[in-house]
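Below: one structure, written as structure tokens.
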Amino acid sequence: MKKAIILLLLISNFNVNAQKFEGLAKTPPLGWNSWNTFATDINEQLVKDIADKFVELGLKDAGYEYIVLDDGWMSKERDANGNLIADPIKFPSGMKALAEYIHSKGLKFGLYNCAGSKTCAGYPGSRGYEYQDARSYASWDVDYLKYDWCNTSKLNAEGAYMTMRDALKAANRPIVFSICEWGDNEPWKWAQDVGHLWRVSGDIINCWDCEVGHGSWSSWGVWKIINMRKDIRKVAGPGHWNDFDMMEVGNGMTDAEDRSHFAMWTMLASPLIMGNDLRTASKETIKTLSSKEVIAINQDKLGIQGFRFSNENDLEIWLKPLDNDAWAIVFINMKDTSTTINFDWKKHDIGDDINGKSLDLKNSVFRIRDLFNHKNLGNTKSNLKAEIGTHDVLMIKLEKE
Ligand code: GLA
């Protein structure tokens with residue numbers, strides 16, 4: 001009897017630890033991360049200002065929730081007991097106080113660390129300290145952990161991320177677990193039960209379609225990342241997302257390119273994590289980022305990742321099936337000049353075999369809504385005609401009449 005009880009306890013304990021927190025990130029997380037603009041040059045006041053801007057600029061109202069501090073928030077050394085500590089100069093009030101400030105605005109707080117011995121910028125990594133670090137995050141009321149992959153030597157990725165997942169579970173606070181191993185170990189094959197999102201590529205950079213080499217690694221422009229992975233859309237869904245990296249909207253591309261980048265991240269059901277300086281962002285940038293009808297496509301409850309329908313004559317057409325038999329469609333002009341489209345609905349069979357969805361254009365009529373411009377564009381009885389500027393996008397939603 002005693003043996004049976006011990007066995008039962010062991011099994012139940014094992015079960016508790018061998019799961020990620022369920023019920024989180026049912027739609028792709030929306031937020032902001034410090035890395036793309038600030039790298040390790042971050043501090044308490046900056047984070048508070050960003051939280052204030054979430055509210056002031058209507059970004060919170062548009063659905064953005066997480067404020068995530070990337071690399072560089074820690075002291076270079078752990079304390080005498082092996083605990084992580086916030087850099088006392090950059091964050092004099094400590095992480096718990098910062099979390100409290102962010103929570104007081106109705107927002108959520110995220111931190112970064114790494115599975116290796118050190119983070120990519122050389123701060124203490126979690127290797128060998130996973131449970132201790134998870135307890136620290138829980139005690140500071142952290143809601144989100146981005147977990148990187150530098151200095152991991154021969155560690156097995158799946159195992160390393162499972163260890164941190166179990167540590168977070170044991171710390172007993174619901175924390176979204178964001179896996180960041182750059183797609184090197186094909187996390188879409190194993191991470192569904194480990195994390196809530198996983199990066200699919202190396203780091204993004206603020207260009208339309210470039211690759212910038214840094215010796216042993218490269219940074220990737222928007223279209224390089226989009227085109228990097230094939231056949232991974234089927235694994236995305238509520239609670240487990242392909243993460244196409246923090247956005248570069250507002251970081252130097254044209255307004256048209258920013259709109260297209262944003263439209264694509266929403267279509268790909270990617271987390272929408274802003275990476276720009278919200279204190280100095282232009283009106284156009286904020287307009288793009290807070291475009292509620294566009295965000296609604298990303299947040300659609302079915303959580304289906306969109307797919308490329310065609311890319312002929314430098315026109316990218318992408319589709320995303322939505323709840324209620326609606327569909328989102330983007331047309332992106334890849335040319336260096338503007339283009340006109342004349343899309344004959346009757347000539348196209350539109351379907352998504354993986355998800356068993358089809359758009360019955362022959363027997364049903366759909367209303368067309370222009371999502372960035374908040375305009376109705378008639379219905380699918382007549383051709384869709386539009387002029388699209390260079391690298392710009394027309395993003396529409398089709399709903400049955
Ligand atoms: C890696 C990640 C980035 C960022 C930096 C921080 O390169 O992929 O997103 O977190 O590390 O050092």
Of the residues in segment 242-258 that are away from the ligand (no atom under 16 Å from the Cβ) and more than 13 Å from residue 281 (Cβ to Cβ), the one that is surrounded by the fewest Cβ atoms within 10 Å (Cβ to Cβ) is 254
Reported set for segment 98-115 where residues are buried (at least 19 other Cβ atoms within 10 Å of the Cβ) and not in a helix (DSSP H, G or I) is 107, 108, 109, 110, 111, 112, 113, 114, 115
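With the structure loaded, tell me whether residue 167 is away from the ligand (no atom under 16 Å from the Cβ) and of a type in the set (Gly, Ala, Ser) or whether it fails that test.
Yes.
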So the helices (runs of 4 or more DSSP H) completely within segment 14-91 holding 3 or more residues that are surrounded by 21 or more Cβ atoms within 10 Å (Cβ to Cβ) and under 23 Å from the mean Cα position of the chain (by Cα) are 35-38, 44-56
When residue 122 is run through (1) more than 15 Å from the ligand (Cβ to nearest atom); (2) in a loop (DSSP other than H, G, I, E, B), the failure sits at (1)
Checked 253, 264, 274 against criteria (in contact with a strand residue (DSSP E or B) (Cβ under 6 Å, 6 or more places away or on another chain) and modelled with pLDDT of 95 or more); the one match is 274
Checked segment 274-309 for anything farther than 20 Å from residue 371 by Cβ and either of a type outside the set (A, V, I, L, M) or in contact with a Phe, Trp or Tyr (Cβ under 8 Å, 6 or more places away or on another chain) (or both); matches are 275, 276, 277, 278, 279, 280, 282
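Is at least one residue of segment 187-210 of a type in the set (Gly, Ala, Ser), within 16 Å of the ligand (Cβ to nearest atom) and on the phi > 0 side of the Ramachandran plot?
no
Table: residues versus (1) in contact with a Leu (Cβ under 8 Å, 6 or more places away or on another chain); (2) free of Cβ contacts under 8 Å to residues at least 60 places away in the same chain.
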residue: 206; (1), (2): no, no
residue: 222; (1), (2): no, yes
residue: 250; (1), (2): yes, yes
residue: 271; (1), (2): yes, no
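Quick one: which of 197, 145 is farther than 13 Å from residue 114 by Cβ and buried (at least 20 other Cβ atoms within 10 Å of the Cβ)?
The match here is 197.
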Residue pairs within 8 Å by beta carbon, gap of at least six or interchain, first lying in segment 94-119 and in the same structural domain as residue 55 (by TED's automatic domain parsing) and farther than 23 Å from residue 59 by Cβ, second within 12 Å of the ligand (Cβ to nearest atom) and in a helix (DSSP H, G or I), listed first then second, are none
ask   = Does segment 155-164 contain any residue that is within 16 Å of the ligand (Cβ to nearest atom) and under 20 Å from residue 24 (Cα atoms)?
value = yes
- Residue check for residue 165: part of a helix (DSSP H, G or I) and at negative phi: yes
Residue hits (segment 360-401; among the β-branched types (Val, Ile, Thr) and either free of Cβ contacts under 8 Å to residues at least 40 places away in the same chain or closer than 18 Å to residue 322 by Cα (or both)) are 365, 368, 380, 396
Of the candidates 131, 137, the one satisfying the condition of being assigned to a helix (DSSP H, G or I), surrounded by fewer than 23 Cβ atoms within 10 Å (Cβ to Cβ) and either among the hydroxyl-bearing types (Ser, Thr, Tyr) or not assigned by TED's automatic domain parsing to the domain that holds residue 165 (or both) is 131
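What strands (runs of 3 or more DSSP E), lying completely within segment 213-326, carry at least 1 residues that are outside the structural domain of residue 199 (by TED's automatic domain parsing)?
Ranges flagged: 307-312, 315-321.
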Only unsatisfied item for residue 182, checking (1) closer than 30 Å to residue 98 by Cα; (2) in a strand (DSSP E or B); (3) in contact with a Ser or Thr (Cβ under 7 Å, 6 or more places away or on another chain), is (2)
Residue in segment 94-114 that is within 16 Å of the ligand (Cβ to nearest atom) and over 19 Å from residue 197 (Cβ atoms) present:
no
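The values are calculated or read from the model by the stated rules, or taken from the named source; none is laboratory data. Please read these numbers as outputs of a predicted model, since none were measured by experiment. Please note: Cβ atoms are built from the backbone with ideal geometry, for glycine as well, and neighbour counts cover all protein chains shown.
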